[in-house]
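Here's the structure we're looking at; comments come further down.
The values are calculated or read from the model by the stated rules, or taken from the named source; none is laboratory data. Computed from a prediction, not measured in an experiment: that's the story for all the values here. Quick reminder, even Gly has a Cβ in these numbers, built from the backbone with ideal geometry, and neighbours come from all protein chains shown. What goes into the accessible areas is simple: the full protein's heavy atoms, side chains included, and nothing from ligands, DNA or RNA. Shrake-Rupley method; radii C 1.70, N 1.55, O 1.52, S 1.80 Å.
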Amino acid sequence: MKRVCTVDTSDGITSKVVKGSIWTLIGQILPLLTSLVSTPIVIRFLGSEAYGVLVVIGLIPAYFSFADFGMGVASTKFGSEAYGKGNRAGEAAIVWTASAVALTSSLFVAVPIFLFSDWIVSVWFNIPEQYCRISSLGVKITSVSFVFAILSGVVNTPLLARLRMDLNTLVTALPRVFMGIATPIVLYLGGFVLEAVWIAFLAAVLALVGTLFSSFRLLPEILRPRLNREMIGPMLRFGGGWLIAMIASIQLINLEKFFLPRYVSVQALAHYSIAFTFANMTTMFSWALTQSLIPAFSVMTGQKKKREFDALFERGIRLNLILLPPTVMFLFVVAKPFFTIWAGPEFGQESSLPFYVLLVGLFFNILSLVAYSTLTATGRSDLLAKLYWCELIVYAFVVIWLVRSLGIVGAALAWSLRVTIDAFITIWLAKRSAEIAFSFVAYLWNLIIGITILSPPVILAVAYDNFSLWLIPAVLGSLVGYFYFSWRRSTQRIERDWFEDKLTGLFGLPKS
């Protein structure tokens, strides 16, 4: 009987998750910084209407990103379990099996988008006539690049299973940085919407090539193609539940963007897109944490380490509770001046109010991401599917009503209401499904005190329309007070010791 060496990958798992999350965060910050510089340049070259067209072209393939049939997450889950058992050949076979399924299923979506791009942009999105031709060609190009993106999300399994987020960051972030730098250069040289789409296509190619190379280096067995027929059934069952969940989830995430150009205008979509993108800055660390948590939870599920599983869940929630309030406060204060200077007075006027509404929903949405990772790692994608579809039925009517009544503010309100309700339900499902004894009550008082410490800059911003110089010392003072309070009251002794040890080691200081 063949023996399989089990890898105890749970040793120092929290440290690995934190390091991996930091690397993933870096991979989000670098493209973000590039985008902060390039987006206002792109807007000024294209104008708000043509920029809205570019947003639509990027929205359509994003709307169908479920086309991988859940194989990106399935490959991560089952591949991580195989890696935890030391079964490298099995891990490689899982990657090949998931890739074959993802390629087949993505083509079923990409080909119709490619063939019917004219109807999509002219009839459904009501694109102005002068932009219909380039929009149709742009959708065709993007339908191909999104297939490459789907394959990248599957073949990166060896990187995620080993929590090599440093490599994953390089192969995903650098192509996006390239896109952010190259797009305004191409527009400056006389390009337009279509040329910007070609830059995005090239970035998708570079990301796939880099991911393949890195995976081959970590798992040479992947060079030998082999399908695992025994795993096809479990992966399809997991992926099927994930597919059903993601179809609804992507509709929920993008539905208000889908209806804005139809019931308001393309310009309204551009204004809302800027507000939504900037608001999503609050999710960067939490999504980075999620990308590390799913393989980490999967490894511990396979090794039946319940105590470590529960401890990691608790730390993930608590870390979000500590970092989220100051982030929301800072973004609230700087939003209107930033939009005005960065994208122009038009966006400062139109994007600020929906941004404030979105921040409320994102606060609760981020808290649910650890629970989302738990349900995914434990294979309960069926619960997510049921939840999302129940939400979608109600949300579709709510978003149409609010968008037609209140425009982009209605879109933001509909999204925030939905994600707030979703957060409470998702956390409850995760606790019940994984039998986790966790209560928010123990952290509620600290959260209230922390929000109180951070409230003066918000009050001052409202009083002076976000343009007072007094906001600078108010923000700095609140942040210092908040982090001192959180350090003393919201962290555990072992965590403070770990942080101090890393800090002294980094700067070569003597340990206390």
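Some observations on this one:
- Between TRP401, TRP389, TRP445, the distinction of being more than 22 Å from VAL357 (Cα to Cα) and without any contact (Cβ under 8 Å) to a residue 40 or more places away in the chain belongs to TRP445 only.
- Note on the stretch 302-316: residues that are out of contact with any Lys or Arg (no Cβ under 9 Å at 6 or more places or on another chain) and buried (at least 20 other Cβ atoms within 10 Å of the Cβ) amount to 3.
- ALA182 being over 18 Å from SER65 (Cβ atoms) and open to solvent by less than 20 Å² (accessible area, probe 1.4 Å): yes
- Residue in the stretch 439-456 that is in a loop (DSSP other than H, G, I, E, B) and either hydrophobic (A, V, I, L, M, F, W, C) or closer than 19 Å to VAL360 by Cβ (or both) present: yes
Conditions tested, residue by residue: (1) of a type in the set (S, T, N, Q); (2) on the phi > 0 side of the Ramachandran plot; (3) touching a strand residue (DSSP E or B) at 6+ places or on another chain (Cβ under 8 Å).
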| site | (1), (2), (3) |
| --- | --- |
| VAL419 | no, no, no |
| ILE425 | no, no, no |
| TRP428 | no, no, no |
| LYS431 | no, no, no |
| ILE436 | no, no, no |
| THR452 | yes, no, no |
| VAL462 | no, no, no |
| ASP465 | no, yes, no |
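Listed here are the residues, each with its yes/no results for (1) part of a helix (DSSP H, G or I); (2) without any contact (Cβ under 8 Å) to a residue 60 or more places away in the chain.
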{"position": "ALA110", "(1), (2)": "yes, yes"}
{"position": "PHE114", "(1), (2)": "yes, yes"}
{"position": "ASN126", "(1), (2)": "no, no"}
{"position": "CYS132", "(1), (2)": "yes, yes"}
{"position": "VAL139", "(1), (2)": "yes, no"}
{"position": "THR142", "(1), (2)": "yes, no"}
{"position": "THR172", "(1), (2)": "yes, no"}
{"position": "ILE181", "(1), (2)": "yes, no"}
{"position": "ILE185", "(1), (2)": "yes, yes"}
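- For the stretch 318-339, a tally of residues being among the aromatic types (Phe, Trp, Tyr) and open to solvent by less than 10 Å² (accessible area, probe 1.4 Å) returns 1.
- For ALA92, the criteria (1) in contact (Cβ under 8 Å) with a residue 24 or more places away in the chain; (2) touching a helix residue (DSSP H, G or I) at 6+ places or on another chain (Cβ under 8 Å); (3) farther than 23 Å from LEU375 by Cα; (4) open to solvent by 10 Å² or more (accessible area, probe 1.4 Å) hold in every case but one, which is (4).
- Note on the stretch 135-177: residues that are surrounded by fewer than 23 Cβ atoms within 10 Å (Cβ to Cβ) and touching an Asp or Glu at 6+ places or on another chain (Cβ under 6 Å) amount to 1.
- Per-region count, the stretch 461-512, residues modelled with pLDDT under 80, among the aromatic types (Phe, Trp, Tyr) and out of contact with any helix residue (DSSP H, G or I) (no Cβ under 7 Å at 6 or more places or on another chain): 3
- Where GLY86 falls short, out of the listed (1) open to solvent by 10 Å² or more (accessible area, probe 1.4 Å); (2) modelled with pLDDT of 80 or more; (3) in a helix (DSSP H, G or I): (3)
- Within the stretch 213-222, the residues that satisfy the criterion of being over 17 Å from SER75 (Cβ atoms) and either open to solvent by 90 Å² or more (accessible area, probe 1.4 Å) or in contact (Cβ under 8 Å) with a residue 12 or more places away in the chain (or both) are PHE213, ARG217.
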